[in-house]
1. Which angle between 0 and 90 degrees, to the nearest 10, do you get for helix 352-373 versus the longest principal axis of the chain when only C-alpha atoms count?
2. Once every DSSP H run of n ≥ 4 in the chain is given -39500 (n - 2.57) and the sum is divided by its residues, what mean residue ellipticity at 222 nm do you get, rounded to the nearest 500 deg cm²/dmol?
3. Counting Lys +1, Arg +1, Asp -1, Glu -1, what net charge surrounds Glu282 among other residues with beta carbon under 11 Å of its beta carbon?
4. Restricting things to alpha carbons, tell me how big the chain is in terms of Rg and Dmax, in Å.
5. Around Leu221, which amide H atoms from residues at least 5 apart in sequence, or from another chain, sit under 5 Å from its own amide H, with H modelled in the peptide plane?
6. Listed here are the pairs Lys220/Lys330; Lys94/Lys240; Lys41/Lys154; Lys94/Lys151; Lys94/Lys235; Lys220/Lys302; which of them are more than 32 Å apart at the Cα?
7. Residue by residue through region 3-9, what is 3J(HN,Hα) from phi via Karplus (6.51 cos²θ - 1.76 cosθ + 1.60, θ = phi - 60°)? Round to whole Hz and write x for glycine and proline.
8. With a sphere of radius 12 Å drawn around the Cβ of Ala60, what net charge do the other residues whose Cβ falls strictly inside it have (Lys, Arg +1; Asp, Glu -1)?
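A short reminder: the numbers here are calculations on the coordinates, not readings from a lab. No experiment lies behind these values; they were computed from the predicted model shown. Heads up, the Cβs are rebuilt from the backbone with ideal geometry, glycines too, and the neighbour counts pull from every protein chain shown.
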Amino acid sequence: MYRATADLMLPTSLIGSLPRPDWFSENLGTRTFLQAMVDSKFRDQYSDAVGVYLRDQEAAGLDIFTDGDAHYDNEVGGQSWTSYPPFHMDGFSKGVPTPATYKMGGVGFPMGHILHDYLEARVMPAIEGPIGRGDLQYTAMWKTAQRMTRKPVKFGTIVPEILATAVEDNYYTDPVERVMAFSDALNGELNELADAGCPVVQLEEPQIHMIPSRGPTFGKLGMEELVGVFDNTVKGLRDKTEVWCHTCWGNPSQQRMFLEVQSYAPSLEYLNQVDADVITFESCSSHHIDLKAIGEHITDKKVAIGMIDHHSLQVERPEEIAENIREALKYIPVERLVLVSDCGMGREGMSRRHARYKMISLVLGTNIVRKELGLPEADCIAADERYSLLRTE
């Protein structure tokens, strides 16, 4: 169900995370979100941070907002994206968490590599019983942001197969059973979120496109099987909300996880099958090598193309973004094209100022093309020269 993008042409948004303000020093930890919001210091810092994120997006002129993933703690490499669910779902040990065995496969980061720190930060509780929703409280997090703005606020979450590879399991005998337990639990949580009115639910990083380079997950789940996992996780959602499927090639500490540039081409047939309204692609960092293939294979969904490189501190020029949008429009109809960042910009490595100006450039570049096509332009107050602090003669 198209809700947030229903009546928009060339809508703009971010994938999710934004750099954490220096003064946001409180962490959620193992508390539930609602418990933490009783703590006046956490409540003030959290609410203020979300307000800053929303205001920056409003000033830039984005169409669809995120809460900046403010509920994730300040962990090495953005590890909280993975660790938040295990610490708040049912079925996990309440004892002292220990470093998880690294099982992802396909990518190795030895001692001396910056991402070895990221692996060492994977300290998780172990599964000791049936996985359940527990106290994820996604709905409360979304409401906290949505009540600050009339713009639609998108809410995202990690997918089951990544969670299933990140934790030790002392309960399930089959890793596929473990994946589906995560999938069922997340489905219940996301349906509650959709029922509350969340306009966009985003599933982040299904491993479908990773299979050609890494092989089947657990040696059992190939691209077709992972489509099934995705569809089970979002079951019932599209009758109530807009579903986004976010794909990228990873960015802990804003680092590239593959030595060579990867292509989506081998996986596009399967990505076209997922039960989603919008599919996002990391494209800027690969110089848009897959635009033609994406246009040929993703035929019945909207396509969100990354125009901002989350790995780089170089702020893209509006003219450069406009040229890349024109190239995308050669293969993707204007009514199905969405413009986004490649991935989140808050995974420990980018400043707030860099992220702010990247989103401004995204809107300015989109406005260039909107003007050429006779479409309404977004109001980008952050680029209004009347408010420059420079002296004018």
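1. That helix lies at roughly 50 degrees to the long axis.
2. Numbers: 13 runs with 138 residues, N = 393.
Only helices count here, giving -10500 deg cm²/dmol.
3. Values: positive: Arg256; negative: Glu205, Asp290, Asp309, Asp342.
That sum, taken over residues with Cβ under 11 Å, equals -3.
4. 20.1, 75
5. Those qualifying (amide H under 5 Å, at least 5 residues apart or on another chain) number zero.
6. Working: Lys220/Lys330 38 Å; Lys94/Lys240 35 Å; Lys41/Lys154 26 Å; Lys94/Lys151 39 Å; Lys94/Lys235 30 Å; Lys220/Lys302 30 Å.
In this structure, Lys220/Lys330; Lys94/Lys240; Lys94/Lys151 exceed 32 Å between Cα atoms.
7. 10, 5, 9, 4, 10, 10, 10
8. Details: positive: Arg55, Lys151, Arg356, Lys358; negative: Asp56, Glu58, Asp63, Asp379, Asp384.
Cβ neighbours under 12 Å give a net charge of -1.
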